[in-house]
């Protein structure tokens, strides 16, 4: 069984332990503003491979990256379009994953093409962890094809014995995965309906900034 830390009672302890485990190539589970997430450091290929193994996930399916601030986007993507800037301004931090062009020198096996999904979550713990450790390669903390997890007991039932640390933050308030928008070209495409309604996304895209 992995170590379980109550995030609500031991915020700093959870941060320190998470940093330690991630720096050693481990995997952690934490609550986000949507569902529980499974994470590794974004530049640790072996840890990322392990995420796919834990989930039983096809490696053709990309992993998203959670970041703490706009500066960390530069580590992952070479440019931000005007439409991307609009969506960032109105929806970050929040439940919107933006698909951007991936830096050519980024070697981590996060995707199989030139794309990378990035999000700043509306969650203090995840942002502070990313501030300390760098971008986090992340996916939902569930077995591929199974329901998303919003409680620790659901995490334990699906992947509990396969990770190194679980942070218990209670039930995730969002409960719905992030919306996903492809911003690599001028014609923005919504790839997944999620927590943010597509009508709201299109409304912002047509708004002057």
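The values are calculated or read from the model by the stated rules, or taken from the named source; none is laboratory data. Source: prediction; values computed, not measured. Here Cβ is always computed from backbone atoms with ideal geometry, including for glycine, and neighbour counts include all displayed protein chains.
Can you pull out every residue in the stretch 107-121 that is buried (at least 19 other Cβ atoms within 10 Å of the Cβ) and more than 18 Å from residue 43 (Cβ to Cβ)? Step through it out loud before you land on a result.
If we filter the stretch 107-121 for residues that are buried (at least 19 other Cβ atoms within 10 Å of the Cβ), which is where we start, we get 108, 110-111, 116-121.
Matches in the stretch 107-121: 120, 121.
Identify, please: which residue in the stretch 135-161 is surrounded by fewer than 19 Cβ atoms within 10 Å (Cβ to Cβ) and within 21 Å of residue 20 (Cβ to Cβ) and is, among those, farthest from the chain's Cα centre (by Cα)?
So the residue we want is 161.
Only one of these conditions is not met by residue 177: (1) at pLDDT 95 or above; (2) under 29 Å from residue 49 (Cβ atoms); (3) crowded, with 17+ Cβ neighbours inside 10 Å. Which number is it?
(1)
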